[in-house]
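Right, one structure below, let's go through it.
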Amino acid sequence: MWRPHNDARIIARLVAEGGLARGRDVLDMFTGSGVLALSAAQLGARSVTAVDVSRRALATVAFNAYRNGLRVRTRRGDLFGAVPDETFDLVLANPPYYPGAATLPSRGDARAWEGGEDGRALIDPLCAQAAQHLRPDGRLLLVHGSFNGEERSLEILRQAGLDA
């Protein structure tokens, strides 16, 4: 089973310290273990949606939400395709960003960390599409490695109309 990295804990801490989830509609993209979705729900989010391509990840999130008396809606799909016409106040994203094979893995644990040849296979479309799914004054918290090129991500976000 894939356990959350410190990246997820950093985002969860930022959300908690900033009160970013309270009363808001939150999307946890690439939910994986669901730690961010569950944290947002515990922190008083109005609604939480967890998205992942992995059925096993979504089952884990649903089970842990049930065990903890939390409401988390799960959606299986690739990026925003799982929530095509929806907008959110807060989008949390800890995508697979480690460089790997040219083709993204279609199964197994490597789906949790491999982000294509340069690690940007999921980062680029996320950055390009995020603005369409954020409400006015909405926020995107995105984690990736410095080796992925922060300036590239910032540029894509700006081109999409976000203040990055």
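See the values below:
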read-out	value
Long-range neighbours under 8 Å by Cβ, at least six apart or interchain, first residue modelled with pLDDT under 95 and assigned to a loop (DSSP other than H, G, I, E, B) within segment 26-40, second open to solvent by less than 10 Å² (accessible area, probe 1.4 Å) and of a type in the set (D, E, K, R)	Gly34/Asp28
Residue list for segment 1-29, restricted to those being in contact with a strand residue (DSSP E or B) (Cβ under 6 Å, 6 or more places away or on another chain) and of a type outside the set (D, E, K, R)	Ile11, Leu20, Val26, Leu27, Met29
Leading residue by the ranking (least open to solvent (accessible area, probe 1.4 Å)) among those in segment 126-163 that are free of Cβ contacts under 8 Å to residues at least 24 places away in the same chain and over 17 Å from Asn94 (Cβ atoms)	Leu154
Members of segment 34-51 that are polar (S, T, N, Q) and either crowded, with 23+ Cβ neighbours inside 10 Å or within 16 Å of Asp78 (Cβ to Cβ) (or both)	Ser39, Thr49
Filtered residues of segment 118-142 (kept if among the hydrophobic types (A, V, I, L, M, F, W, C), farther than 17 Å from Ala50 by Cα and at pLDDT 90 or above)	Cys127, Ala128, Ala131
Residue within segment 52-67 that is at pLDDT 95 or above, surrounded by 13 or more Cβ atoms within 10 Å (Cβ to Cβ), closer than 20 Å to His133 by Cα and not small (Gly, Ala, Ser) present	no
Segment 1-13, subset over 14 Å from the mean Cα position of the chain (by Cα) and hydrophobic (A, V, I, L, M, F, W, C), residue least open to solvent (accessible area, probe 1.4 Å)	Trp2
Residue that is in contact with a Phe, Trp or Tyr (Cβ under 8 Å, 6 or more places away or on another chain) and either within 23 Å of Arg9 (Cα to Cα) or modelled with pLDDT under 95 (or both), where the choices are Gly161, Gly108, Gly115	Gly115
Hits in segment 68-98 - residues which are β-branched (Val, Ile, Thr), open to solvent by 20 Å² or more (accessible area, probe 1.4 Å) and either out of contact with any strand residue (DSSP E or B) (no Cβ under 7 Å at 6 or more places or on another chain) or assigned to a loop (DSSP other than H, G, I, E, B) (or both)	Val72, Thr87
Selected residue (criterion: modelled with the lowest pLDDT) from residues of segment 14-25 that are open to solvent by 30 Å² or more (accessible area, probe 1.4 Å) and not in a loop (DSSP other than H, G, I, E, B)	Leu14
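The values are calculated or read from the model by the stated rules, or taken from the named source; none is laboratory data. Please read these numbers as outputs of a predicted model, since none were measured by experiment. A quick note on method: Cβ atoms are made from the backbone with ideal geometry, for glycine too, and the neighbour counts reach across all protein chains shown. We work out accessible area using only protein heavy atoms, side chains counted, and drop any ligands, DNA or RNA first. Shrake-Rupley method; radii C 1.70, N 1.55, O 1.52, S 1.80 Å.
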